[in-house]
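J.: Take this structure, written in structure tokens, and hold onto it; I'll ask about it next.
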Amino acid sequence: RVHGHHDAEGEPMNRYAAHGIHHDALTGRRVLVITRTQTDARDALEQIAMHAEPHGAHIRRANGLERITYDGAGRVIIRSRRGHGHRGITADTIYLDEGVDPELTIDQAASLMACLATSPTGELIRA
């Protein structure tokens, strides 16, 4: 793949979204990012990592287990919609990347909402 070129899988994450997700995690929020595909998950990780690395955040690039951990409680976990890797994760914010919302099944949406259940400030944000 040519750097900066994206095929039918989708566009790279919006840079404003990437910065906002980073900022929330930097201030201690637990953010779960759901992308359409695993390729999109890797792309989102790199977009957010550009903001996170200067702050000393730990970037985990393991396929399917993408994560950015900040000092303190803040973290970003990135998962593809097609997997079940979000089950058991507790989040303060869930960000549905571009194109995810119309593809979610009722069961997938319910299991995502369960991730917010214990957060006093839980929120779902759609691209």
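J.: Specify the residue that is surrounded by the fewest Cβ atoms within 10 Å (Cβ to Cβ); the eligible residues are those in the stretch 57-75 that are of a type in the set (Gly, Ala, Ser) and over 12 Å from Ile21 (Cα atoms).
T.: By that ranking, first place goes to Ala62.
J.: Hey, another quick one. Taking the stretch 45-81 only, how many residues are out of contact with any strand residue (DSSP E or B) (no Cβ under 9 Å at 6 or more places or on another chain) and among the β-branched types (Val, Ile, Thr)?
T.: The qualifying residues number 0.
J.: Something else about it: Which condition number in (1) under 11 Å from the mean Cα position of the chain (by Cα); (2) modelled with pLDDT under 95 is the one that Asp71 fails?
T.: Result: Asp71 fails condition (1) only.
J.: Tell me whether the stretch 89-107 contains one or more residues that are polar (S, T, N, Q) and touching a His at 6+ places or on another chain (Cβ under 9 Å).
T.: Checked against the condition, which is being polar (S, T, N, Q) and touching a His at 6+ places or on another chain (Cβ under 9 Å), the stretch 89-107 yields no hits at all.
J.: Do you know which residues across the stretch 77-118 are in contact (Cβ under 8 Å) with a residue 60 or more places away in the chain and within 24 Å of Ile59 (Cα to Cα)?
T.: Within the stretch 77-118, Thr90, Ala91, Asp92, Thr93, Ile94, Tyr95, Leu96, Asp97, Glu98, Val100, Leu112, Cys115 meet the criteria.
J.: Got a sec? Which of Arg81, Arg30 is closer than 22 Å to Pro12 by Cβ and open to solvent by 10 Å² or more (accessible area, probe 1.4 Å)?
T.: Within the list Arg81, Arg30, the selection yields Arg81.
J.: Examine the stretch 34-53 for a residue that is at pLDDT below 90 and charged (D, E, K, R), and state whether such a residue exists.
T.: no
The values are calculated or read from the model by the stated rules, or taken from the named source; none is laboratory data. Because the structure is predicted, anything quoted here is derived from the model rather than measured. Positions of Cβ are generated from backbone atoms using ideal geometry, with glycine treated the same way; all protein chains shown enter the neighbour counts. Accessible surface is based on the protein model in full, side chains and every heavy atom, while ligands, DNA and RNA are left aside. Shrake-Rupley method; radii C 1.70, N 1.55, O 1.52, S 1.80 Å.
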